[in-house]
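These notes concern the structure reproduced below.
The values are calculated or read from the model by the stated rules, or taken from the named source; none is laboratory data. Just so it is clear, the structure is predicted and the values come from calculations on it, not from any experiment. Using ideal geometry, Cβ is built from the backbone for each residue, glycine included, and neighbour counts are taken over all protein chains shown.
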Amino acid sequence: MNLNTIDKNAAPPTEEPARQYYFMAKCRQYVKEIEEASGRRPTFFIQTFGCQMNARDSEKLAGVLLEAGYQEAESEDADFVVYNTCTVRENANLRVYGRLGVLHGYKKKNPHMKIALCGCMMQEAAVVEKLKKSYRFVDLIFGTHNIFKFAELLVSMFESDRMVIDIWKDTDQIVEDLPVDRKYPFKSGVNIMFGCNNFCSYCIVPYVRGRERSREPQEILREIRALVADGVVEVMLLGQNVNSYGKNLEHPVTFAELLRQVEQIDGLRRIRFMTSHPKDLSDELIQVMADSKKICRHLHLPLQSGSSRLLKIMNRRYTKEAYVALADRIRTAIPDIALTTDIIVGFPGETEEDFQETLDVVREVRYDSAFTFIYSKRTGTPAAAMDNQVPEDVVKERFDRLLKEVQRISGEMAERFAGTEQEVLVEEKNHQMEGCVSGRLSNNHVVHFPGDVSLIGQIVRVRLEECRGFYYMGHRQEP
Ligand code: SAH
Ligand code: SF4
Ligand code: F3S
């Protein structure tokens, strides 16, 4: 889309994405005015909190800001700063308030500076109230459902001298073909669905991301083909529960079927996905993974708790036994797969026996790595209203025990690949080890090895010489 051919004096188009390109053209005028007033090209900085979904959203925000004429800055001392927020746990939330204070300092020194807040936290009414009251220096606030309208919101911001706030409760709209600025030229996230319908009783995501919506498979395939033509070799298919992909489409498609089609794309080398809910993981999917040459040998399978009693109260809809049996089927079908997980400690009413059940599963499944979280009470979720919250010191002590066990096992698991030769996608220069680059194996493990930055973006063969707990040291093998 050539923004120069857009008539900015005409009324804005009503259809998307044409409407947003019209507003991008308008933004350019405003950004140009800042440039003329300040005598330099205005800069932007985006700080992303939270998950891969947010990271992908930030690439879309950056795409619009580049079109509008901003250039990317290295730090928050920029002309336009966006915080793309997360609220899954309270500490993610608190960090935003802390850093806003620092931003205010920059803004006092830079009359052109604008501050925008978006993402999951903004979907909470109490947060927006607090910002309106105590953070008046913020210029623009929007949510997760109207992020496609970013260009239009920017124009509102430039044309207003007050805080602009636009939060939607939900949406069924999916707008395709907006600009994106990828962080990595060689790999990319691809949204396959938005929202979540699961309502796990501790989790705020369904409230802030809305109901589950899948993209049409043709749109997903078209996007991936375009990414591959632009140099991408690895995609990560993104959704809160990819295993329920496609159920609500006019012509339903399973996630396994979608993967089969993605696999057919020439030039694409690796496929990853995030996140799989154990309750919906089909045998068809295991088969597709086992047969695939491109799907990476890694599955993230959040456990949350090993206690069937707690799993029921969490509304996870599987039992300890069903989970362990599923992990077994996966390891049998794909022996070299790495299994990773998320675990919550201190869910309301968790007893020492419940916690022992979690340790039990950890020892039985033997995760390659696990993210462990202390339960965080999220306003509006059913678990927040439960009156048997576990005392902090008990939770902390359990958390430490779990972490120790998880680390011991993942260290042992990593040893099983030491001495093997593996394909590695080289991702970046290693800043700690002179002359080294770092990359990822199919199973998501990291390896550092001597090599030149010209290898970045390539898939090379590396011998894993030494396992150092969380990563390997290796040497590149001649092709
Ligand atoms: N859709 C993904 C999870 C997204 S949130 C899934 O179902 O697997 C990522 C992780 O954050 C969750 O797996 C869970 O372990 C953790 N989490 C979510 N809500 C939490 C809370 N209230 N307290 C602590 N951890 C939480
Ligand atoms: Fe949250 Fe559960 Fe949905 Fe994951 S599946 S986002 S944990 S409600
Ligand atoms: Fe956080 Fe929203 Fe992701 S709450 S984990 S950024 S979906």
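List of remarks:
- Close pairs from the range 206-231: first more than 16 Å from K183 (Cα to Cα), partner among the aromatic types (F, W, Y) and assigned to a strand (DSSP E or B), Cβ under 7 Å, at least 6 apart: R209/F194; R213/F194
- In the range 434-479, the residues that are over 28 Å from the mean Cα position of the chain (by Cα) and assigned to a loop (DSSP other than H, G, I, E, B): E434, G435, G451, D452, Q477, E478, P479
- For R363: the one exception among (1) in contact (Cβ under 8 Å) with a residue 24 or more places away in the chain; (2) more than 16 Å from C203 (Cβ to Cβ); (3) outside any helix (DSSP H, G or I): (3)
- Those residues of the range 334-390 which are within 16 Å of ligand 1 (Cβ to nearest atom), surrounded by fewer than 15 Cβ atoms within 10 Å (Cβ to Cβ) and over 22 Å from C120 (Cβ atoms), in sequence order: N388
A quick yes/no check of all residues on (1) modelled with pLDDT under 95; (2) outside any loop (DSSP other than H, G, I, E, B); (3) among the β-branched types (V, I, T); (4) in contact with a helix residue (DSSP H, G or I) (Cβ under 9 Å, 6 or more places away or on another chain):
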position	(1), (2), (3), (4)
R331	no, yes, no, yes
A384	no, yes, no, no
V394	no, yes, yes, yes
F399	no, yes, no, no
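- Residue list for the range 29-59, filter: surrounded by fewer than 19 Cβ atoms within 10 Å (Cβ to Cβ), over 29 Å from the mean Cα position of the chain (by Cα) and not polar (S, T, N, Q): Y30, K32, E33, E35, E36, A37, G39, R40, R41
- Comparison of S201, S160, S214 shows that the only residue that is more than 13 Å from ligand 3 (Cβ to nearest atom), small (G, A, S) and under 19 Å from the mean Cα position of the chain (by Cα) is S214.
- Residues that are near ligand 2 (Cβ under 8 Å from one of its atoms) and surrounded by 21 or more Cβ atoms within 10 Å (Cβ to Cβ) within the range 198-208 comprise C200, Y202, C203, I204, V205, listed in sequence order.
- Residue satisfying all of: in the range 71-91; touching a Ser or Thr at 6+ places or on another chain (Cβ under 8 Å) and surrounded by fewer than 18 Cβ atoms within 10 Å (Cβ to Cβ); nearest to M122 (Cα to Cα) among these: E90
Conditions (1) closer than 26 Å to N91 by Cβ; (2) assigned to a helix (DSSP H, G or I); (3) among the polar types (S, T, N, Q); (4) touching a Ser or Thr at 6+ places or on another chain (Cβ under 9 Å), marked per residue:
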site: N4; (1), (2), (3), (4): no, yes, yes, no
site: Q20; (1), (2), (3), (4): no, yes, yes, no
site: Q29; (1), (2), (3), (4): no, yes, yes, no
site: A37; (1), (2), (3), (4): no, yes, no, no
site: R56; (1), (2), (3), (4): yes, yes, no, yes
site: E59; (1), (2), (3), (4): yes, yes, no, yes
site: G63; (1), (2), (3), (4): no, yes, no, no
site: G69; (1), (2), (3), (4): no, no, no, no
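- Look at the range 237-266: where a residue is within 16 Å of E216 (Cβ to Cβ) and small (G, A, S) and a partner is in a loop (DSSP other than H, G, I, E, B) and within 16 Å of ligand 2 (Cβ to nearest atom), sitting 6+ places away or on another chain with Cβ atoms under 6 Å, you get G239/I192.
- From the list I204, I192, I220, I174, the one residue that fits, being within 16 Å of ligand 1 (Cβ to nearest atom) and within 22 Å of T254 (Cβ to Cβ), is I192.
- Of all residues in the range 6-20, exactly one satisfies the criterion of being surrounded by 10 or more Cβ atoms within 10 Å (Cβ to Cβ), at pLDDT below 95 and not charged (D, E, K, R), namely I6.
- Number of positions in the range 436-460 that are in contact with a Pro (Cβ under 7 Å, 6 or more places away or on another chain) and either more than 25 Å from K183 (Cα to Cα) or without any contact (Cβ under 8 Å) to a residue 60 or more places away in the chain (or both): 1
- Restricting attention to the range 274-298 and to residues that are in contact with a strand residue (DSSP E or B) (Cβ under 7 Å, 6 or more places away or on another chain) and within 12 Å of ligand 1 (Cβ to nearest atom), the residue that is nearest to V233 (Cα to Cα) turns out to be M274.
- The range 217-264: number of residues that are surrounded by 16 or more Cβ atoms within 10 Å (Cβ to Cβ), part of a loop (DSSP other than H, G, I, E, B) and more than 16 Å from ligand 2 (Cβ to nearest atom): 5
- Selected residue (criterion: farthest from ligand 3 (Cβ to nearest atom)) from residues of the range 295-315 that are more than 25 Å from S410 (Cα to Cα) and touching a residue at least 60 places away in the same chain (Cβ under 8 Å): I313
- Of all residues assigned to the range 227-239, at least one qualifies as being more than 12 Å from ligand 1 (Cβ to nearest atom), β-branched (V, I, T) and out of contact with any Ser or Thr (no Cβ under 7 Å at 6 or more places or on another chain).
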